[in-house]
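Structure record follows, encoded as structure tokens.
The values are calculated or read from the model by the stated rules, or taken from the named source; none is laboratory data. The structure displayed is predicted, hence computed values, not measured ones. Don't worry about glycine lacking a Cβ; one is built from the backbone with ideal geometry, like all the others, and counts go over all protein chains shown. The protein model used for the area step is the full one, side chains on, heavy atoms only, and it has no ligands, DNA or RNA in it. Shrake-Rupley method; radii C 1.70, N 1.55, O 1.52, S 1.80 Å.
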Amino acid sequence: MTKTIFITGAGTGLGRGAALGLAKKGHRVIATTELTAQKTDLLRETDEQGLDMEIFKLDITNQRDLAEIAKHDFDIFVANAAINEGGQLGEVPMDRFRALFEVNVFATLESAQLAAQKLVKKGSGKIIFMSSMAGISATPYVGPYTATKHALEGIAQTMKAELEEFGVQVATINPGPFATGFNKRSAEEKWKWYNENQHFTRKEDMIEQEEGLQEFDPEDMIQKMIEIIPADHHKFRTVYPQETEDQLKETQKERWDMEI
């Protein structure tokens with residue numbers, strides 16, 4: 001069945017790939033981008049592929065942009081827009097920490113509230129939060145991003161319970177590490193403020209963590225999103241790939257017995 005799907009943060013990465021893929025499947029896609037330049041580039045690609053998508057700029061931290069959500073009708077809202085930045089939690093500048101929460105938690109929840117108000121009136125629909133494996137696990141030197149995704153997990157689980165009686169489904173999609181450039185860009189940001197002569201965290205430890213990250217082909221994750229987003233029924237939490245799900249389940253078991 002064809003669905004109308006509103007997706008934020010569709011200018012790059014997995015969001016962009018999923019928006020294009022869903023449109024190819026015949027769904028009506030409302031794809032929004034943070035920047036006008038991203039909108040222009042996405043419009044160009046849709047023209048080249050002969051796809052019919054509604055595309056406009058929507059920065060979820062901008063109140064005028066957010067107001068656009070209320071003007072559209074949709075069956076599914078995908079809260080995908082996010083930023084990523086690494087850094088050691090014992091030393092990360094608080095302005096950087098707050099900036100991540102502003103986008104990934106506060107603005108994301110505000111956009112989801114607007115979607116919830118529309119879907120509750122309809123008595124049906126679905127909100128999907130694009131979370132991360134980081135929302136379940138915790139890895140050194142990616143704490144700022146991890147903290148925001150942990151918060152998003154709590155938001156999603158609570159909203160699921162609160163919106164069920166109104167016919168609105170809530171779910172998360174939790175990608176593992178995919179080679180979209182998102183992780184690489186986030187790792188670079190901390191070097192703008194880190195100073196090995198001033199900070200106690202060892203530079204070589206952070207570099208080792210970055211180099212040890214194995215990344216998967218993003219096309220696999222895009223195909224999983226295309227499958228899950230329009231589906232009428234699926235698990236509340238979709239972790240992908242399977243090896244990441246298995247890894248996270250094992251880590252959670254270990255955390256119950258962890259001592260200090």
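Over the alpha-carbon set of region 1-154, work out the extent along each principal axis and list the three values in angstrom, largest first.
Principal-axis extents of region 1-154 (Cα, largest first): 49, 37, 29 Å.
Considering the dipole of region 1-107 built from charges on the beta carbon (Lys and Arg +1, Asp and Glu -1) around the Cα centre, which of PHE74, ALA37, PHE56 is farthest to its positive end?
Farthest towards the positive end: PHE74.
Within the P(r) computed for region 200-240, what percentage of the Cα pairs occupies the region above 14 Å?
63
Pairs LYS39/LYS192; LYS24/LYS249; LYS3/LYS118; LYS3/LYS122: which exceed 22 Å Cα-Cα?
Too far apart for the 22 Å limit: LYS39/LYS192; LYS24/LYS249.
Write out the GluC sites (Glu not before Pro) in region 224-260 meeting two conditions: DSSP loop, and at most 11 other Cβ atoms within 10 Å of their Cβ.
In loop regions of region 224-260 (DSSP not H, G, I, E or B), the sparsely surrounded GluC sites (Glu not before Pro) are GLU259.
Check each of the chymotrypsin sites (Phe, Trp or Tyr not before Pro) in region 107-215 and keep only those in coil by DSSP with at most 14 other C-beta atoms within 10 angstrom; list them in order.
TRP193, PHE200
How much accessible area per residue does region 121-224 have, counting only protein heavy atoms and a probe of 1.4 Å, in square angstrom?
Ligands and nucleic acids excluded, the result is 51 Å² per residue.
State to the nearest 20 debye the size of the charge dipole of region 1-125 about its Cα centre, where the only charges are +1 on K and R beta carbons and -1 on D and E beta carbons.
Result for region 1-125 is approximately 480 debye, rounded to the nearest 20.
Where nothing but the Cβ of Lys and Arg (+1) and of Asp and Glu (-1) is charged, how large is the charge dipole of region 1-57 around its Cα centre, in debye to the nearest 20?
220
Using DSSP to define loop residues, name the trypsin sites (Lys or Arg not before Pro) in region 177-260 whose beta-carbon has at most 15 other beta-carbon atoms within 10 Å.
Passing both the DSSP loop test and the Cβ count: ARG202, LYS235.
Rounded to the nearest 20 Debye, what is the dipole magnitude of the chain about its Cα centre when Lys and Arg each give +1 and Asp and Glu each give -1 at the C-beta?
Charge dipole, the chain, about its Cα centre: 900 debye, nearest 20.
Taking the Cα centroid of region 107-169 and of region 1-68, what is the distance between the two, rounded to the nearest whole Å?
20
Only Cα pairs under 8 Å and at least 6 apart count here; give the relative contact order of region 167-260 as a rounded whole percent.
RCO, region 167-260: 49 percent.
So what's the projected area for the chain, the Cα convex hull averaged over all directions, in nm²?
One quarter of the hull surface, i.e. the mean projection, equals 14.7 nm².
Looking at ASN195, GLN247, ILE226, which one has the Cα that reaches farthest to the positive end of the dipole of region 192-248 (charges on Cβ: Lys, Arg +1; Asp, Glu -1)?
Toward the positive end, the furthest listed residue is ASN195.
How high is the relative contact order of the chain, in percent, with contacts defined as C-alpha pairs under 8 Å that are six or more residues apart?
Reported as a whole number, the value is 19 percent.
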